[in-house]
Amino acid sequence: MTDPIRLAQLLFPNVTQTPGQLMEQSFPPRPLKEGAQVTRFAPSPTGFLHIGGVFSAMVSERVAHTTGGVAILRIEDTDKKREVEGGVSLIVQGLRDFGIVFDEGAQGEHEEIGAYGPYTQSRRAEYYHVFCKDLVEKGLAYPCFCTADELDELRKKQESENVTPGYWGEYALWRDKPIEEVEAALAAGKPYVMRLRSPGKPGGRVKFKDAIRGEIEMEENYVDVVLLKSDGIPTYHFAHVVDDTLMRVTQVVRGDEWIASAPIHLQLFWLCGLKAPKYAHISPIMKEEDGSKRKLSKRKDPEAAVSYFTEEGYPADAVMEYLLTIGNSNFEDWRRQNKDARYTEFPFKLNKMSASGALFDLNKLQSVSAEVISRLTAEEVYAQATAWAGRFDPDFCALLTRDPAFTKRLFAIDRGGKKPRKDIVRWQDVKAYAAYFFDELFAMEEQLDMECEVQKQVIEAYLPVMDCGDDKDTWFGKMKELCPALGFSPDVKAYKANPEQFKGHVGDVSAVVRMAITGRKNTPDLHAIMALLGQDTCRRRLQAYLAGLNG
Ligand code: GLU
C-alpha cells in the first residue's frame, strides 16, 4: 500500500471527522468522581434472556452504582442472523422485572436515553467508519477482496505447509497490494472487508490484568482480523473498541468466552492510540449433573431462562440476592449483619468474584427466596403476590383482591416479628399457603391422628364458648378451661410428667379446632386465623367437621 491517505479517502470519502475530534466534540470525558466506574451490559437481541445474562447485567450495574458511576445497556445487533423481532423489549423488560436499572441505553424496542449514544450498534455505522478510516490513514488497516473460495484455498495451503491457518503475515493476501489493484477492485464493485494490519508475531506475548482472575498472559494477536464486514458493519472486536471508547466505559464486565480474543482487543486499542478499559471476565453459571459440572444450558435447563424465575414466582429481589450470593461469597455474612438493608446497599466487589463457575443451586435459591419474602411487610406481600397471580393465576388473583384488607391481614399473621415464618418460597406457594382463608379453596387436607369420639367431644365442648372476638389470652384461656372435663391437661408440663393420666394436653385440644377450621395440622397462629375468618365461618367449619366425624 503506497499511499494510505489516498486509500483512506478512496474507501471513506464521506468520513470527515477524526476519532479525536469525535471524542472531543461529541463524547467528552464524563464528569465523574474519582473511582466511579462506567460499565455496560451488551447483549445481542436473540429473543432469549439467559440467567447468566442477568448475572452479568447485575454485576455491571452493581459495579457502576456502588462506585457512583454509570451503567449502560448497549444492544449488540450486528449479527442480523441471530436477531429476533422484539428481542430488545424482551431484554429491557426482563432486566426491569429484576429491578436492574440502567442509566443510559435501550429503554424499549426503539427508545434510548443518554448522551453517549446511539446505544444500538446498527445505528452507529458512521463512528466505526471514523475509526477505521483513521487506521487506514496510519497504514494499519486495509481492504481485503478475498472470496470465500480464496480463503478456503489459503487454509488448505496452510494446512499442507503445516502452519497455523488464518489470514496473517505473509498469508495476508491483500496486505501489501499496490493501490492500483485496490482501485481496480473497487471500481469493479467487488465486495470487500476491512482488515487490521496486525503488527503482532507468532509467539509474541501480551499481558493484562483481569479484575477477577488477576494477571493473564497470552500469545499476542498476529492475525489481520476483520474490522468491518462487507456490509460496513463492524465485527464484535472492532465494535467493542469503538463503542467502549466513545461511551467512555472504564470497566468491561463480560463472559469469559471473550478472554481468548482479549489480545485482539488490546492490540486494537493500542493501535488506535486509545486507553483500553479494565476487564473483568466472569465465569458462566454451572450446573451439577451426575457428579460433573457443565454450563447451564438454554436447551436442557428450564432455569436457564429468566422467564422461569418470573413464572415460578420468585421475587425479583430474591433472584438478585441469590445471584449476589453466587457473585460475592461475603454477601451472606453481610446479609446476616444487615437484616433490614436492601441488597443494593451491599458493597459489591469484582475482586471478590470467583474465577471458577458458580454452581446453580435451586435449594439455595429457595432458602434465599423464603428469607426475602419473610422480611417483606404484609402490604408488600400483597402487592407482589397479587401482581404474580394477576399474570399467572387470574382466578386466584380474583380471590386475593376481592377484599384487599382481609388478604393483607392474612399476610400479616406471624409476620414482622423476630422469627418470621418462611412458608412462602415463591408467589406460586401463596395459593397453598392461604387456601383455607377462602371457602372456595378450603379443603380437609390432612387428618388428625386422634379418635373420632374424642374429637367430637372437643368440638361439641368448644362450639358454645367459641368467640372469634376474644383476645388471645381469653381465647387460649377458653381452650384450657375445656381441658379437665374432656380428660386433657391444660398444662403441657403436667401432661409430660404423667402422660398416662390424660388423653392429651391443651395443644391437642387446639389441634382439633385447628384441623376443623383450616383442614391442616400446622398453621400460623390459630387465634389470629380465627379472628380473621370470623365467627360465622369458624362456626360453619366446626359444625361441618363435627358432621363429618358423625358421618
Ligand atoms: N454481545 C456480546 C455477547 O452477547 C457482548 C460481550 C461483551 O459484553 O462485550 O456476548
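The values are calculated or read from the model by the stated rules, or taken from the named source; none is laboratory data. Quick caveat: nothing in here was measured; it's all calculated off a predicted structure. Virtual Cβ from ideal backbone geometry, glycine too; neighbours counted across all protein chains shown. Protein only, heavy atoms only, side chains kept; ligands, DNA and RNA dropped before computing areas. Shrake-Rupley method; radii C 1.70, N 1.55, O 1.52, S 1.80 Å.
For the stretch 228-256, the set of residues classified as touching a residue at least 60 places away in the same chain (Cβ under 8 Å) and away from the ligand (no atom under 16 Å from the Cβ) consists of Leu228, Gly232, listed by residue number. Being in a helix (DSSP H, G or I), of a type outside the set (Phe, Trp, Tyr), open to solvent by 10 Å² or more (accessible area, probe 1.4 Å) and touching a Lys or Arg at 6+ places or on another chain (Cβ under 9 Å) holds for only one residue in Ile216, Ile264, Ile259, and it is Ile259.
Taking the stretch 427-472 as the range and being within 45 Å of the chain's Cα centre (by Cα), under 30 Å from Cys397 (Cα atoms) and assigned to a loop (DSSP other than H, G, I, E, B) as the test, the residues that pass are Phe438, Asp439, Glu440, Leu441, Phe442, Ala443, Met444, Glu445, Glu446, Gln447. Only one of the numbered conditions (1) free of Cβ contacts under 8 Å to residues at least 60 places away in the same chain; (2) in a loop (DSSP other than H, G, I, E, B) is not met by Tyr116, and that is (1). Taken over the stretch 454-495, the residue count meeting the criterion of being over 17 Å from Leu526 (Cα atoms) and aromatic (Phe, Trp, Tyr) is 2. Of the residues making up the stretch 168-196, those that are assigned to a loop (DSSP other than H, G, I, E, B) and touching a strand residue (DSSP E or B) at 6+ places or on another chain (Cβ under 6 Å) are Trp174, Tyr192.
Taking each residue of the stretch 42-69 that is assigned to a strand (DSSP E or B) and looking for partners that are more than 13 Å from the ligand (Cβ to nearest atom) and open to solvent by less than 30 Å² (accessible area, probe 1.4 Å) with beta-carbon atoms closer than 9 Å, six or more apart or interchain, yields His50/Ile285; His50/Leu296; His50/Ala304; His50/Ala305; His50/Val306. Take the conditions (1) surrounded by fewer than 19 Cβ atoms within 10 Å (Cβ to Cβ); (2) away from the ligand (no atom under 16 Å from the Cβ); (3) under 27 Å from Thr46 (Cβ atoms); (4) in contact (Cβ under 8 Å) with a residue 12 or more places away in the chain; Pro302 misses just one of them, which is (4). Of the residues making up the stretch 447-472, those that are surrounded by 12 or more Cβ atoms within 10 Å (Cβ to Cβ) and polar (S, T, N, Q) are Gln455, Gln457.
Which of the residues belonging to the stretch 86-99 are in contact (Cβ under 8 Å) with a residue 24 or more places away in the chain and surrounded by fewer than 21 Cβ atoms within 10 Å (Cβ to Cβ)? Across the stretch 86-99, the qualifying residues are Gly86, Gly87, Leu90, Asp97, Gly99.
For the stretch 40-56, a residue qualifies if it is within 10 Å of the ligand (Cβ to nearest atom) and open to solvent by less than 10 Å² (accessible area, probe 1.4 Å), and the qualifying residues are Arg40, Pro45. Anything in the stretch 70-93 that is away from the ligand (no atom under 12 Å from the Cβ), part of a loop (DSSP other than H, G, I, E, B) and within 24 Å of Glu303 (Cα to Cα)? List them, or say none. Val84, Glu85, Gly86 - these are the residues of the stretch 70-93 that are away from the ligand (no atom under 12 Å from the Cβ), part of a loop (DSSP other than H, G, I, E, B) and within 24 Å of Glu303 (Cα to Cα). Out of all the residues in the stretch 487-504, is one or more buried (at least 17 other Cβ atoms within 10 Å of the Cβ), within 30 Å of Asp403 (Cβ to Cβ) and not polar (S, T, N, Q)? Scanning the stretch 487-504, I find no residue that is buried (at least 17 other Cβ atoms within 10 Å of the Cβ), within 30 Å of Asp403 (Cβ to Cβ) and not polar (S, T, N, Q), so the answer is no. Taken together, Ala8, Ala106, Ala36 contain a single residue that is more than 16 Å from the ligand (Cβ to nearest atom), touching an Asp or Glu at 6+ places or on another chain (Cβ under 7 Å) and open to solvent by less than 30 Å² (accessible area, probe 1.4 Å), which is Ala8. In the stretch 273-290, of all residues being part of a loop (DSSP other than H, G, I, E, B) and within 24 Å of Pro31 (Cβ to Cβ), the one that is farthest from the ligand (Cβ to nearest atom) corresponds to Gly273.
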